Each structure stands twice: as structure tokens, then as C-alpha cells.
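Engineer: I have a structure here, written as C-alpha cells, and I will follow up with some questions on it.
The values are calculated or read from the model by the stated rules, or taken from the named source; none is laboratory data. From a predicted model like this one, the values you see are computed outputs, not experimental measurements. Cβ placement follows ideal geometry from the backbone for every residue including glycine, while neighbour counts extend to all protein chains displayed.
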Amino acid sequence: MRLFPKLLLSFLAIAFIGVLVVAGLANWAAAREVRQFMFAGGMAPEQQMVQGLAGYYQGHGSWDGVQNLLHRGPIRMPLGMGRGLMNPRLILVDDHQRVVGDNANLALGQAFAATPADTVMDIEVDGARVGALIIPQGNTLPAGGPGNDLLFRVNAGIWLAALVAGVVALVMASAVAYSLVRPIQQVTEAAGAIARGDLSRRVSVTSHDEVGRLGATFNAMASDLEKGERLRRDMTADVAHELRNPLAVLQGNLEAVMDGVLPPTAENLQPLLDQTLLLARLVEDLRTLSLVEAGQLQLNRSLTDPAALMQSVVAQFSAQAQVQQVTLDTDLAAGLPPLSLDAQRVTQVLGNLLSNALRHTVEGQTITCRVARQAGGVTFAIADTGAGIPPQVLAHLFERFYRAGEAGPRPEGGTGLGLAIAKQLVELHGGQISVTSEVGRGTTVSVTMPVS
């Protein structure tokens, strides 16, 4: 059974039960109030009988002969005491509780004590009690007269209102059930489209309730899937592109050696070794990136002195800086707290950043490596005085295989994955990496690691 008829039947069942309960309670309350009103106004049959008997006593001065009015069997009561036929048992006692009238002829002349369940109505004449009319438990008097007509009209109005309420409930339940089911149907249809490969499918979100949040969550999931699929295609194309160049160099040189065009000397074989090393670094970088993104890269954390870590990285690149005639300065704050991190991985990150800085810094310029205490952490910063990075490039700097321009060649020895891996490794440590740059004035890359 589909969801819409289930919701509709559930709403109708609840509405039907509610209408019946309300109508029944209203009917009972109306009958009680009408009867009390009639009794208080002298319109109820019992009250009419009491008034008639009081008139009889006042006219005769005693209860002599009143038995003739209370004989057994269906009778039409005289003295205006109702218009209906009545056949209850009626007992009339005087002010001494002696039975002076009994339409069942069972207790005449006897003393009669009413029980709490009996209906007892005192009869008064000129303010003095002269007797009482007793209707034993289980006997009733028909309402008769205008009370029945009034109660019938009240009940008819109540049930008509219940019928109208039921119709309104049917219409509203249909509207509410449709409004709940329609967004779910849209999500179901969109999910089917995505399962068939249409990752551009979205649903409209028109509310902020749970159903609206479901639609928004679905759209976010679809966007992530579309982005992931696009990244996968780009990744495949980029990897193929990055592998093509080294393989082409290897193939061309090897064919030249085999054909005797190039002699197999160390000088001719060195480019082949370089391309092989580049392929090895590319494969290792891809493996590292995939492990980090899959959450499977394990960190070997230990307490490490951040100043000593930066000094070791600078020492690794000192020779290269001397060859390029670039000055490497250090600015290490004193009293830095130890950090819980994987020293090898952080060295890899800082080494990649310093290598990039050297690659874009020309002779006579300076690279400054700083370590300073920040609120809640320690910041490693590598600042160069090179050409700087254009703003349109900064937004894509940490994307894998990103090129600032398709026509521009990749720097020698680069795989295009260094910054992407650096960002993943820093975030895996719970840190943050950021870049600030100004064209013509240099670039600063900052890595902030939390203090244990």
C-alpha cells in the first residue's frame, strides 16, 4: 500500500474518532443541560406531576382520593402533567412518610423509606412540606412536550456539525497527506535518476521542516556525488597526462639507444633515470594522497620540538639555496611547547613548501623560515620574496595537478601533488594551512599545528 492512502486513512480515522467523541459528549451534555433547564422551569414531566399534586392537595386540603390519580397501567395524567403516556411506578407519601398513593397498589397505608437511588421530589403548599413523590430506581418518565422537540433540534445540529467537520477533515487530510508525500516522491524520483547516472538531478526545497531538511540533505549529497565524479574524471585525465610525458621520454630515448642513434653512455642514460625517479615520486604521491583521503594513513606521533624540526628542514635545503645564491633566514621563537606530531610527515610538508619557495625565488632574494607561538598552537611559516601568486590562482593552489596556465610548463621535477598532499597531511594532524601572496612582493605559506 502506498504512503498517500496510508496517511489519508490514518488522518481520517483520527478525525472520525475525534468527531464521534466530540459529538457524543456534546449530545450528552446538551441532553443534561436541556433537562435541567426544563426541570428548573417546570417543563419536565416529574416537575409537572409535583405541581399537579400540590394543586390537588391545595384544592382538597388532604390526600383523600389521590389514589385515583395513581392507578396502575398506562394512563394519561390529568392536571396538565405532560402529554405522553406513562407507565412508571409512582409512590406518594404524606409528610409522615406514609404511603397515600401507589399506582401499583402494593404499599398503601404503609410507611415507606426511600433509598438513595430513588428519585424523591418534595411537594410543598404555601411553603410547607405536605408530602413527596417517589419514583423508585429503574423507573423513568418520558420527557414528552416541548423538551423532546428542543433536544431533537439540538442533537440534529450537533450531528450536522459533525458531518460538516468530517467533510472538512477529509479535504484537509487529503491536502496535508499530499503535501507530505509529494516531496518524498520527488526525492524518490531524483534518487532513481541519480542511480541511473544523472548526477545533476536535484529536488525543490519549499519548507524548513524535516521534509525540507531531507530535500536539502539530498541535494547536498547529489552535489557531493557530482563533484566526486568530476574529480574522479579529472584525476584520471591528470594522471594519464602526467604519466604520458615521462613515458614518452623513456620510450624515445630507449628506441634511440636500441637503434644505435644514441650510445648507451651515462650521459644519455641519466635522463632515463630522472624520468624513472619522477614516475616513482608520482606513484608514491598518488599512493600517499589516496591513503590520506581514505583515512587509512597512520601517523607515528611523538613529542617534537618545533624549532628543531624547522632547523632540520632548512639544513636539508641549505646546499640548494647556496647553489641558487638564495639566502635562507630562520626566525625561531624561544620557549616553544613541544608538539605531538608525525615528524617525518611534517618534515615532508615543510620540505615541499621550502622546495616550492626555492623554485620561485631568483638569485639574490631571501626566504625566511619562521616558527612562532599562536593562540592554541604553533605556526610554521615560509615566506619568500619572489614573484608572488595572482589572486585567481590562490583559490586553486591546493588542487591536485593544478596548473596556473595550460601553456605553462610544470616546474622541473614537480608532480603537481605536493601542495594537495601537504594540505591533507596538515589537516590529518588537526592543523590548518593557508597562503597569502602579493604579486611582485612574494608569498607566505603558514602551517598552524595545535598544541597537545
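Engineer: What residue, among those in the range 197-212 that are part of a loop (DSSP other than H, G, I, E, B) and small (G, A, S), is modelled with the lowest pLDDT?
Structural biologist: Per the criteria, the residue is S207.
Engineer: Looking at the range 71-109, which of the residues that are crowded, with 16+ Cβ neighbours inside 10 Å and among the acidic types (D, E) is modelled with the highest pLDDT?
Structural biologist: Going through the qualifying residues, I end up with D94.
Engineer: Within the range 217-246, track down each residue that is loosely packed, with under 12 Cβ neighbours inside 10 Å and either closer than 10 Å to Q275 by Cβ or at pLDDT 85 or above (or both).
Structural biologist: A220, D224 - these are the residues of the range 217-246 that are loosely packed, with under 12 Cβ neighbours inside 10 Å and either closer than 10 Å to Q275 by Cβ or at pLDDT 85 or above (or both).
A quick yes/no check of all residues on (1) exposed (fewer than 13 other Cβ atoms within 10 Å of the Cβ); (2) modelled with pLDDT under 80; (3) out of contact with any Ser or Thr (no Cβ under 8 Å at 6 or more places or on another chain):
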residue: G166; (1), (2), (3): no, yes, yes
residue: Y178; (1), (2), (3): no, yes, yes
residue: Q185; (1), (2), (3): no, no, yes
residue: A190; (1), (2), (3): no, no, yes
residue: A195; (1), (2), (3): yes, no, yes
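Engineer: OK, next. Can you find even one residue in the range 203-210 that is of a type in the set (A, V, I, L, M) and in the same structural domain as R281 (by TED's automatic domain parsing)?
Structural biologist: no
Engineer: Of all the residues that make up the range 395-419, how many are assigned to a helix (DSSP H, G or I) and either modelled with pLDDT of 85 or more or among the acidic types (D, E) (or both)?
Structural biologist: Of the residues in the range 395-419, 1 are assigned to a helix (DSSP H, G or I) and either modelled with pLDDT of 85 or more or among the acidic types (D, E) (or both).
Engineer: Just one of the numbered conditions (1) modelled with pLDDT under 90; (2) over 30 Å from L231 (Cβ atoms); (3) of a type outside the set (A, V, I, L, M) is not true of T288; which one?
Structural biologist: In the conditions (1) modelled with pLDDT under 90; (2) over 30 Å from L231 (Cβ atoms); (3) of a type outside the set (A, V, I, L, M), T288 misses (2) alone.
Engineer: Give the residues of the range 440-452 that are under 12 Å from D384 (Cα atoms) and assigned to a loop (DSSP other than H, G, I, E, B), sorted by residue number.
Structural biologist: Of everything in the range 440-452, those that are under 12 Å from D384 (Cα atoms) and assigned to a loop (DSSP other than H, G, I, E, B) turn out to be G440, R441.
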